[in-house]
Amino acid sequence: MPHNLFSIFSQPLKPPLFEPGEPRFWDDPYISKSMLEAHLNQTHDGASRKNAEIEKTVCHLVTSGFLKTGDRVLDLGCGPGLYSSRLCFEGMKVTGIDLSRRSIDYARAQAERDGHDIDYICADFFNIDYEGIFDAVLQVYGEICTFSDEKRDMLLSLVRRALKDDGIFIFDVSTRELRMREGLKNRWYFSEGGFWRPGRHFVLEEGFDYPENDTWLNQYIIVDEDGTVKVYRLWLHDYSLEIISRILEKNGFKVEQAWNSLSGELYSKGGDWIAIAARKAQ
Ligand SMILES: C[S@@+](CC[C@H](N)C(=O)[O-])C[C@H]1O[C@@H](n2cnc3c(N)ncnc32)[C@H](O)[C@@H]1O
């Protein structure tokens, strides 16, 4: 339902847990352009980690033996293919899936330029239908944190099905510690054009905490010059190692290794991130 300022003010201030915002965010024609710029930007980690960290991550996953030359790897939410292209360079056969047409177009163009044979697919990863063909599934930058428990379990079941019998799922989740350090954002501003819109618009940024669910909402209300109001929501469910291990076990995985980062920082409690390699259990 389209919003106007009246409908926004008549809603409760704090949205119910995991209530969706605008359906088009990652694949919005304008926002996806800003997002691609953010993925490639080397001055911040807003959408993807910087190249040096990606390089370290791939080296770590290869030297630790979790990813090997010849492996078939599925990169879920591959964005512009920053990891997929590195994995292909290491001799893996990679399939990258992302919702953003703009990111997939960029990834395909890079692969063509570099002579990389990578299967990039523009699709919703909730629609994948692979059975027992991948040695590894990769999902980087806390993507699993953005889903409700129900959707997360649905994704875990699709990942499990896509993996070979001894396949490995490699991913990372944010922790409550990161959230506490970043703090709730509450601010508003007028813009002459920026991340959300090319022209003049108003942005109201709000943060909501749901501590009983270890969940956090970053909400962005955008008002265009013609009065159109759109509400974008980024939900973030944080995890501890104990909780994510239990969830993985319930969904047919066993944690084989945990770190504080996918680049191999040794695990200790209290870090901002938890990176996990979880083996498909029989
Ligand atoms: C935070 S970015 C991370 C991108 C990439 N993994 C990286 O670290 O460079 C999340 C990515 O997931 C994609 N995405 C989000 N939901 C998706 C879905 N349901 N199906 C496919 N891709 C999705 C977005 O388009 C975006 O490229």
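Note on region 137-155: among residues that are out of contact with any Leu (no Cβ under 7 Å at 6 or more places or on another chain) and in a loop (DSSP other than H, G, I, E, B), the one that is most open to solvent (accessible area, probe 1.4 Å) is 141. Whether a residue is touching a helix residue (DSSP H, G or I) at 6+ places or on another chain (Cβ under 8 Å) and open to solvent by 10 Å² or more (accessible area, probe 1.4 Å) was assessed, and residue 125 passes this test.
The values are calculated or read from the model by the stated rules, or taken from the named source; none is laboratory data. Bear in mind that the values here come from a model prediction, so they are computed numbers and not experimental data. We place every Cβ from the backbone using ideal geometry, glycine too, and count neighbours over all the protein chains shown. The protein model used for the area step is the full one, side chains on, heavy atoms only, and it has no ligands, DNA or RNA in it. Shrake-Rupley method; radii C 1.70, N 1.55, O 1.52, S 1.80 Å.
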